[in-house]
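Participant: Structure in structure tokens, see below.
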Amino acid sequence: MQRRTLLGTAAAAAVLAGANLAVAQDGPLKVGFIFVGPIGDGGWTYEHNQARLAVEEEFGDKVETVYQESVPEGADAERAMTQMALSGAKLIFTTSFGYMDPTINVAAKFPDVKFEHATGFKRTDNVGTYSARFYEGRAIQGHIAGKLTKTNKIGYIGSYPIPEVIRGINSAYIHAKKANPDVEFNVVWAYTWFDPAKEADAATALIEQGNDVILQHTDSTAPQAAAEKAGNVYTFGQASDMAEFAPMPRVSSIIDNWAPYYIERVRAVMDGTWQSDDTWDGIGAGMVKIGEISSAVPEEVKAEALALKDKIASGEYHPFTGPLKKQDGSDWLAEGETADDGTLLGMNFYVEGLTGDIPN
Amino acid sequence: MDLSVISPAVLLASLMVAATPILLAAIGELVCEKSGVLNLGVEGMMITGAICGFAMAVETGSPLVGFLGAAAGGALLALLFGVLTQLLLANQVASGLALTLFGIGISALIGQGYRGVKPPPTTRLDLGPLSEIPFLGRLLFSHDWVVYFGLALTLGVWLFLRYSRAGLVLRAVGESHDAAHALGYKVVAIRFAAIAFGGACAGLGGAYLSLVRVPQWTDGMTAGAGWIALAIVVFGSWRPGRILLGAYLFGGMTVLQLNLQAAQLPVPVEVLSMSPFVLTIVVLVIMSAGRGRASTAAPAMLGRVFHASS
Amino acid sequence: MIRLEKRPEPSRGWTALTPVLAVVLTMIAGGALFALLGKDPFVAMKTIFWDPILGEYAFYYRGQLLVKAAPLVLIAVGLSLGFRAGVWNIGAEGQYIVGALCGGAVGLAFYPAEGWYIFPLMVVAGALGGWLWAMIPGILKTRFNTNEILVSLLLVYVAEQLLAASALRWLKNPEGQGFPGSRNLAQYPAASNPELIAGTGMHWGVVAAMIAVIFAYVLLNRHMTGFHIRLAGQAPRAARFSGVSPSRLVLFCFSVSGALAGLAGLFELTGPAGQISIDFNVGYGFTAIIVAFLGRLHPVGILLAGLLMALTYIGGEAAQSTLGLPAAAIQAFQGMLLFFLLAVDVLINFRVRFGRAMA
């Protein structure tokens, strides 16, 4: 029904030379982005927006990008996508897990528009999914953290107990443990993606209880500042480089680098070669970048970390390689076996050695 | 689980820091409400203060100038509320909420150029040997100056409301604006001053977040602190001492729950996360249950429109 | 010297004219803001105010206006009763969440059974949930004289924690591959709240909002309880003398506003939103407070105010993506609109006089 109405209005619009539709018909390729936070959040959305700008830079006049920030997940997201599709966007990136069902719903109404949904698992002919293997970066962080800690206590600020975050904790823990068998992880769940004051409090609490390395899976730089104030505490940048806190406390970082993927997909739509698929790239493909390892890290540790990075990038080593057991002592991966993507995607258990319960 | 890792002195010291932004904003709102004006725009004024302070501090390199700018920014936004509610006699509840909406928007607009910038550090006060005293040194003598300023402000407002003539007039305006007007006091002018003071304090609270607690600028960074400040004023039944208590209780619970989590206390996270709110309610119920019906301490004219009919 | 002189009676002309005047003033001030940001103010105003109603995609937006306005109106009508009586329920957001959780839980408990009775049961559970959550501040107020502003506000944060817990464990979709969020109720026919007429945006929540407006209108104008509410707000002492029980009035106001907020949550959950997720609530409960006052606490006014708010949301979103305006500019613009709407209301009850007072 809506398509018929759409065609009707398209004819009317051609007469009226409506600005939007005229552009949509034979101008540049219009690419839409739906962001979950403000582009100034300094983390998740910020990096997606950087990639949007990279797309503009790459294609110049041939693309027009539009975006909407701070779009709540649910009805508002559906409207935002519909609005973009109606006004002529041919490719829409929806950049948060919670947009999954809305993306599928809207995609069903606009079969000619391609959708790319970040971190989801539902696909259709015109909905592809993509995500990044951040856990690869966590492995490197874990290694450095294990080597650097003097108290053998590492603090971890989690947002919500979802597979993405749990995967990161496990990956970091496994590699910290390899580097330093005495290491112990203390996880604090902030129950927010973004609340700088609370993140600062969480970091302070961890530091005061003797954790001298802080990993974070929340987006603000507040934990970095708390660590800087405390002195002698190491941190890692999350989502973006947070280089302003280098060389101490920030000793390295995981950077989300969506630009190559976005450019590739935009090009595919231009060439008419776009197909729905599931992309899950890591360090190797450049979707996950490791920020510069600062001078605060001893040379040999840095060398080990870089070697680990190369091994992961080349595919020679998988961060989840057996033998590994689950927290309850049951077997998970046998010697030499690597975790399959299905298990990783829905990971809801800790590996052996981690203490505390996952709240789920 | 090992609770011995939580040091009481450290915990108390960090709760003082955590409570400071709420305390500053709540004390400002107290003065405003004492004059009979209910300004629900604390969140908007805080975040405006946060960005104004941040921008000023970055531009001048001086945190002190930053805090002054924050106070000015918060007060300016508050004056907008003043014009609406005092001159144009608009509804205070709605105007306050609109102020919050406007403040969050305008602050994000101003802040566009300040993302990812690091502000000049606000140093700890060097109190020399005092901060070396065991326990008390860490607890009382190792903070930045804003923490002490918050305490001094609380004391100052208490003295002002209780002992000064101007404070008496302010309270009179809040209790019965018609009577105060009949006695020849300029109700609107007094309320304007109180509103501006409230805005300035909220601005300071916001700047404490952006310049000291976090310190960085990100959109929406106050994340609801203004609402808590409003609740704390009610919690403190419009008395500075109790507001201090409330801010410390709330800040303390926030810090404590994170500490308990860090110490791996086997209690569901949601229970710990909601504990500051639940505990605040419980304490308020206990406090209010002990008193008779008549003793709602709210200023009688709170939220009422005043128009001097001539 | 400019001064205000109270009119003997509210001006009818200005009652109708002030919203128009406010919109015009907002267009000027907002246009200046947008021009400062380097956007064409005329195009921006057209995108925000004109396009959603009469533009080329209005066939879609008009329905969305109803979707957006329905929860606002439903909640605001409930709140307005309390605000008239001086009962301050600031926590509709929490009641909205708990209503959705209770209703959603009932629906999920039946999954995958089919039956006509499931949705009505969920509606009842949703209203009950909101009512229950509102009864906490209500009872604490009447029993212990605890300030209801504080309790209802803080309970919003508690409700948000319940929501997180529900999305992460209690009501988590067992087939969701470990991700947070419940099953999608909009895709479960017995529990869904679909568009009643395709393409119109009309769902049960919109119907409920209409009924609530009529109900409140009748209550306030034709019913004893409505009279008591107005009396208690305007003259509390007189109300007590005429036999109005303050406690019962407080409980009544909290009951109605809580239940309506719960209903709004349930309808939103089962229709437009679809599933319980960590970020299910988007602030309708708070925005509804503004809507209630913009509508001057009058049911019909609230209906119009809700639609106007919805228009600025939808037009604002469109302006964001078509003109590249930051979300912050839209928020500031909405703030301005509210300022002007509130400010010009003064003309209804007051005359502006120039020169010194005679007396």
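Participant: Under the condition of being of a type in the set (V, I, T) and more than 7 Å from chain B (Cβ to nearest Cβ), which residue from segment A:178-232 is nearest to B:Q264 (Cα to Cα)?
Facilitator: The selected residue is A:V187.
Participant: For segment B:114-136, how many residues meet the condition of being closer than 19 Å to B:G61 by Cβ and not in a loop (DSSP other than H, G, I, E, B)?
Facilitator: The total comes to 2.
Participant: Here is a further query. For A:D76, all conditions in the list (1) free of Cβ contacts under 8 Å to residues at least 12 places away in the same chain; (2) over 18 Å from the mean Cα position of the chain (by Cα); (3) more than 23 Å from C:A58 (Cβ to Cβ) hold save one; what is the number of the exception?
Facilitator: (3)
Participant: Do we have C:A165 as over 20 Å from C:I75 (Cα atoms) and modelled with pLDDT of 90 or more here?
Facilitator: Details: over 20 Å from C:I75 (Cα atoms): yes; modelled with pLDDT of 90 or more: yes.
Yes, satisfied.
Participant: Here's a follow-up. Only one residue in A:D328, A:D256, A:D281, A:D271 is over 30 Å from A:A227 (Cα atoms) and in contact with a strand residue (DSSP E or B) (Cβ under 7 Å, 6 or more places away or on another chain), so which one is that?
Facilitator: Of A:D328, A:D256, A:D281, A:D271, the one residue that is over 30 Å from A:A227 (Cα atoms) and in contact with a strand residue (DSSP E or B) (Cβ under 7 Å, 6 or more places away or on another chain) is A:D281.
Participant: Only one of these is within 30 Å of C:P236 (Cβ to Cβ) and assigned to a helix (DSSP H, G or I): C:W50, C:W14. Name it.
Facilitator: Going through C:W50, C:W14 in turn, just one is within 30 Å of C:P236 (Cβ to Cβ) and assigned to a helix (DSSP H, G or I): C:W14.
Participant: Kindly provide the set of residues from segment B:91-143 that are out of contact with any Phe, Trp or Tyr (no Cβ under 8 Å at 6 or more places or on another chain), within 14 Å of chain C (Cβ to nearest Cβ) and β-branched (V, I, T), ordered by number.
Facilitator: B:T100, B:I104, B:I106, B:I110
Participant: Shifting gears a bit: Suppose we filter segment C:286-332 for residues that are among the aromatic types (F, W, Y) and touching a Phe, Trp or Tyr at 6+ places or on another chain (Cβ under 8 Å); how many remain? It would help to see each step written out before you state the result.
Facilitator: Step one: list which residues in segment C:286-332 are among the aromatic types (F, W, Y), which gives C:286, C:293, C:313.
Narrowing further to those that are touching a Phe, Trp or Tyr at 6+ places or on another chain (Cβ under 8 Å): C:293.
Here the count works out to 1.
Participant: Let me ask you something else. Just a yes or no: is a residue in segment C:80-98 modelled with pLDDT under 90, assigned to a helix (DSSP H, G or I), surrounded by fewer than 19 Cβ atoms within 10 Å (Cβ to Cβ) and touching a Pro at 6+ places or on another chain (Cβ under 8 Å)?
Facilitator: Checked against the condition, which is being modelled with pLDDT under 90, assigned to a helix (DSSP H, G or I), surrounded by fewer than 19 Cβ atoms within 10 Å (Cβ to Cβ) and touching a Pro at 6+ places or on another chain (Cβ under 8 Å), segment C:80-98 yields no hits at all.
Participant: Among the residues of segment A:164-185, is any at pLDDT 90 or above, within 25 Å of A:G120 (Cβ to Cβ) and in a strand (DSSP E or B)?
Facilitator: no
Participant: Search segment C:159-187 for residues being free of Cβ contacts under 8 Å to residues at least 40 places away in the same chain and not hydrophobic (A, V, I, L, M, F, W, C), and hand back the single one that is surrounded by the fewest Cβ atoms within 10 Å (Cβ to Cβ).
Facilitator: Across segment C:159-187, the extreme among qualifying residues is C:E175.
Participant: When you go through (1) in a helix (DSSP H, G or I); (2) crowded, with 18+ Cβ neighbours inside 10 Å; (3) of a type outside the set (D, E) one by one for C:R248, which number turns out not to apply?
Facilitator: (2)
Participant: Right, another one. Please determine, by comparing only the residues of segment B:235-255 that are without any contact (Cβ under 8 Å) to a residue 40 or more places away in the chain and not charged (D, E, K, R), which one is farthest from the other protein chains (Cβ to nearest Cβ).
Facilitator: It comes out as B:L245.
Participant: List, please: which pairs have Cβ atoms under 6 Å, are six or more places apart or on different chains, and start with a residue in segment A:263-283 that is in contact (Cβ under 8 Å) with a residue 40 or more places away in the chain and end with one that is among the aromatic types (F, W, Y)?
Facilitator: What qualifies is A:T279/A:Y130.
Participant: Do we have any residue at all in segment C:10-19 that's over 24 Å from C:L219 (Cα atoms) and buried (at least 24 other Cβ atoms within 10 Å of the Cβ)? Give the steps one after another, and end with the answer.
Facilitator: Our first condition is that a residue be over 24 Å from C:L219 (Cα atoms); within segment C:10-19, this holds for C:11, C:13-14, C:17-19.
This time we only want the ones that are buried (at least 24 other Cβ atoms within 10 Å of the Cβ), so: none.
No, that holds for no residue.
Let's see how each residue does on (1) within 11 Å of another protein chain (Cβ to nearest Cβ); (2) among the polar types (S, T, N, Q); (3) under 26 Å from A:A75 (Cβ atoms); (4) within 23 Å of the chain's Cα centre (by Cα):
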{"residue": "C:V23", "(1), (2), (3), (4)": "no, no, yes, yes"}
{"residue": "C:I48", "(1), (2), (3), (4)": "no, no, yes, yes"}
{"residue": "C:G55", "(1), (2), (3), (4)": "yes, no, yes, no"}
{"residue": "C:Y60", "(1), (2), (3), (4)": "yes, no, yes, yes"}
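Participant: Considering only segment C:138-158, state which residues are surrounded by 22 or more Cβ atoms within 10 Å (Cβ to Cβ) and more than 9 Å from every other protein chain (Cβ to nearest Cβ).
Facilitator: Result: C:G138, C:K141, C:E148, C:S152.
Participant: Also, I was wondering about something else. Counting just the residues of segment C:216-234 that are surrounded by fewer than 20 Cβ atoms within 10 Å (Cβ to Cβ) and in contact with a Pro (Cβ under 8 Å, 6 or more places away or on another chain), which one comes out farthest from C:L81 (Cα to Cα)?
Facilitator: Selected residue: C:Y217.
Participant: Another question about this same structure. Which of the helices (runs of 4 or more DSSP H) contained wholly in segment A:254-360 include at least 1 residues that are surrounded by fewer than 17 Cβ atoms within 10 Å (Cβ to Cβ) and within 14 Å of chain C (Cβ to nearest Cβ)?
Facilitator: By residue number, A:341-345.
Participant: Confirm whether C:I214 is within 30 Å of C:P189 (Cβ to Cβ) and away from chain A (no Cβ under 14 Å).
Facilitator: Working: within 30 Å of C:P189 (Cβ to Cβ): yes; away from chain A (no Cβ under 14 Å): yes.
Considered against the rule, which asks whether it is within 30 Å of C:P189 (Cβ to Cβ) and away from chain A (no Cβ under 14 Å), C:I214 comes out as yes.
Participant: Okay, next question. Kindly indicate whether C:R351 is touching a strand residue (DSSP E or B) at 6+ places or on another chain (Cβ under 6 Å) and more than 10 Å from every other protein chain (Cβ to nearest Cβ).
Facilitator: Yes.
Participant: I've got another one for you. State whether one or more residues within segment C:258-272 are away from chain A (no Cβ under 14 Å) and either part of a loop (DSSP other than H, G, I, E, B) or among the aromatic types (F, W, Y) (or both).
Facilitator: Checked segment C:258-272: no residue is away from chain A (no Cβ under 14 Å) and either part of a loop (DSSP other than H, G, I, E, B) or among the aromatic types (F, W, Y) (or both).
Participant: Here's another thing I want to ask about it. Check C:A198 against each of (1) touching a residue at least 60 places away in the same chain (Cβ under 8 Å); (2) assigned to a loop (DSSP other than H, G, I, E, B); (3) not charged (D, E, K, R) and name the one condition it does not meet.
Facilitator: (1)
Participant: Give the residues of segment C:296-311 that are closer than 22 Å to B:L99 by Cβ and either more than 14 Å from chain B (Cβ to nearest Cβ) or crowded, with 24+ Cβ neighbours inside 10 Å (or both), sorted by residue number.
Facilitator: C:I302, C:A305, C:G306, C:M309, C:A310, C:L311
Participant: Against the definition (surrounded by fewer than 18 Cβ atoms within 10 Å (Cβ to Cβ) and either touching a residue at least 40 places away in the same chain (Cβ under 8 Å) or aromatic (F, W, Y) (or both)), how does A:D219 come out, yes or no?
Facilitator: Here the answer is no, as A:D219 does not meet what is asked.
The values are calculated or read from the model by the stated rules, or taken from the named source; none is laboratory data. Model, not experiment: these values are computed from the prediction. Reconstructed Cβ throughout: ideal geometry from the backbone, glycine too, with neighbour counts over all protein chains shown.
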